[in-house]
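One structure is given below, encoded as structure tokens.
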Amino acid sequence: MILLKHPNDLSSFIHNGSIAHNSIGFVPTMGALHDGHLSLIHTARLENTLVIASIFVNPTQFTDLTDFEKYPSTIEADILKLEKAGCDILFLPSVADMYPNGSSPSQQYDLGHLDSILEGEFRPGHFQGVCQIVHLLLETISPGRLYLGQKDFQQCLVIKKMISQIGMDTSVIICPTQREPDGLAMSSRNVRLSHLERKKAANLFNTLSYIKENILLEDLENLKQMAQNILTEQGFKVEYIAISKAQTLETVQNWDGKSTLVALVAAYINQVRLIDNLVLN
Ligand code: PAF
């Protein structure tokens, strides 16, 4: 695996190697890699000649400075994992490399309601920061395929929307959420959970499964309330529980029995914020 730190080095490498746009698969990450990330690399490996991963903890997408400062970093272990998973290039830029003129946004992305609901409501500006960095990375790499995890369901829709807005010819491949044996979605933030918090954390997935099992039996508002009560009783501080159309994330009050639904949740266990989602039908 080749390690490149400067955007110019990466674009020259791709350009000089005359590597076709549609044979490049790209996996953007913020490091602290787990099997969820590695499953993206494995899928990209099967579908592309060149697999590029990036590790960059992007300051502009954090609304909470403590969250940014406490974001786990395990760079040496990450390098070994990427190499083993068959990644060809690791792009590891610094903040100054990515934002040589400062990180103030040069453009506002029109993300419609996706910018202000769910994650957008509780983390204002977050998705603008995500679009800013992913746009820069896509410009540097110009991949034919971009690999994202379904765990960040709303982020997948946002990035798709941004890509169609900037008119880039990159397909977004969404890979299934990887889970621990007890159902907890793999996340870099899980390492911040204490032993006891880690045991409780599986209840997030159990509650989403409860929604799925009862979707035909209960009124959706009641179902959300029941799910919220379960989590609150178990000591979670719930930010949101939503049942939405999977295509658009519009809230669904009365389900037509046809459209695909997704349940999404964000909740704190003490200081650690976790998100998860489950497609319901
Ligand atoms: O999902 C993430 O890790 C980040 O939001 C991403 C897509 C790498 C952009 O910084």
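The values are calculated or read from the model by the stated rules, or taken from the named source; none is laboratory data. These numbers come from a predicted model, not from an experiment. Ideal geometry is used to build each Cβ from the backbone, glycine not excepted, and the neighbour counts take in all protein chains shown. Surface areas here come from the heavy atoms of the whole protein model, side chains and all, with no ligands, DNA or RNA. Shrake-Rupley method; radii C 1.70, N 1.55, O 1.52, S 1.80 Å.
Observations
- For the stretch 115-169, filtering for residues that are within 20 Å of ALA246 (Cβ to Cβ) and of a type in the set (S, T, N, Q) leaves 5.
- Boolean, ILE133 is away from the ligand (no atom under 12 Å from the Cβ) and either open to solvent by 20 Å² or more (accessible area, probe 1.4 Å) or assigned to a helix (DSSP H, G or I) (or both): no
- Residue match in the stretch 151-162 (condition: of a type in the set (Asp, Glu), away from the ligand (no atom under 13 Å from the Cβ) and modelled with pLDDT of 95 or more): no
- Under the condition of being at pLDDT below 95 and either surrounded by 18 or more Cβ atoms within 10 Å (Cβ to Cβ) or at positive phi (or both), the residues counted in the stretch 258-272 number 1.
- Within the stretch 50-76, being modelled with pLDDT of 95 or more and of a type in the set (Phe, Trp, Tyr) holds for PHE56, PHE62.
- Residue selected from the stretch 70-91 under the condition surrounded by fewer than 19 Cβ atoms within 10 Å (Cβ to Cβ) and within 16 Å of the ligand (Cβ to nearest atom), by the criterion farthest from GLY125 (Cα to Cα): LYS81
- Residue check for ARG189: in contact with an Asp or Glu (Cβ under 9 Å, 6 or more places away or on another chain), modelled with pLDDT under 95 and closer than 19 Å to ASN58 by Cα: yes
- Helices (runs of 4 or more DSSP H) wholly inside the stretch 174-281 that include at least 3 residues being closer than 17 Å to ASP152 by Cβ and under 23 Å from the mean Cα position of the chain (by Cα): 203-214
- Subset of the stretch 152-170 (residues that are without any contact (Cβ under 8 Å) to a residue 24 or more places away in the chain and either under 12 Å from the mean Cα position of the chain (by Cα) or loosely packed, with under 15 Cβ neighbours inside 10 Å (or both)): CYS156, SER164, GLY167
- Restricting the stretch 27-55 to residues that are away from the ligand (no atom under 16 Å from the Cβ) and free of Cβ contacts under 8 Å to residues at least 60 places away in the same chain leaves a set whose member that is nearest to GLN155 (Cα to Cα) is HIS42.
- Single unsatisfied condition, GLU47 versus (1) more than 23 Å from GLN128 (Cα to Cα); (2) open to solvent by less than 40 Å² (accessible area, probe 1.4 Å); (3) modelled with pLDDT of 95 or more: (2)
- Number of the exception - ILE24 against (1) more than 16 Å from the ligand (Cβ to nearest atom); (2) closer than 18 Å to ILE173 by Cβ; (3) open to solvent by 50 Å² or more (accessible area, probe 1.4 Å): (3)
- In the stretch 215-233, the residues that are surrounded by 15 or more Cβ atoms within 10 Å (Cβ to Cβ) and at pLDDT 95 or above: LEU220, LEU223, LYS224, MET226, ALA227, GLN228, ILE230, LEU231
- Single condition ASN58 does not satisfy, out of (1) open to solvent by less than 30 Å² (accessible area, probe 1.4 Å); (2) more than 10 Å from the ligand (Cβ to nearest atom): (2)
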